[in-house]
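**Student:** Got a structure for you, questions after.
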Amino acid sequence: MSEPIRHASDQQRFELEIDGNPCRLHYTLSGNIVSLDSVQVPKAVGGQGIAGRLTRHALDWARQQNLRVRPVCPYVAAWIKRHPEYADLLA
């Protein structure tokens with residue numbers, strides 16, 4: 001899966017398209033805190049690790065921008081628990 005993840009900063013989301021299906025991670029930026037609000041992956045392309053890929057990308061971006069992370073989305077919160085190397089980003 002080599003499709004690039006795009007950062008649509010004007011819409012506050014990371015996105016990629018898989019087989020014509022839009023996959024997105026929405027966020028809200030307030031000061032130096034980014035709230036990761038929701039991850040949306042259509043069922044047609046589910047089970048391929050796309051949500052995890054979007055989450056990792058968003059967290060890597062937050063680290064590069066020196067932002068703290070608030071995982072509003074339950075999926076993102078659970079993903080961070082499974083990947084403790086990102087726990088230092090939590091607000």
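Bear in mind these aren't lab numbers, they're just calculated from the coordinates by the rules spelled out. Here the structure is a predicted model, which is why all the values come from computation and not from measurement.
**Student:** For the Cα atoms of the chain, what angle does the longest principal axis make with the long axis of helix 50-64, in degrees from 0 to 90, nearest 10?
**Tutor:** Here the helix axis deviates by roughly 30 degrees.
**Student:** Here's another thing I want to ask about it. Only helical DSSP H runs with n ≥ 4 go in: add -39500 (n - 2.57) per run for the chain, normalise by residue count and round the 222 nm mean residue ellipticity to 500 deg cm²/dmol.
**Tutor:** After summing the helix terms and dividing by residue count, I get -8000 deg cm²/dmol.
**Student:** Hey, can you grab everything whose amide H is under 5 Å from the amide H of ILE5? Only 5+ residues off in sequence or another chain; H modelled, so Pro and N-termini drop out.
**Tutor:** none
**Student:** Here is a further query. Once all Cα-Cα distances of the chain are split into 10 Å bins that start at 0, what whole-number percent is in each one?
**Tutor:** Per 10 Å bin, starting at zero, the Cα-Cα P(r) for the chain comes out as 17, 54, 26, 3 percent.
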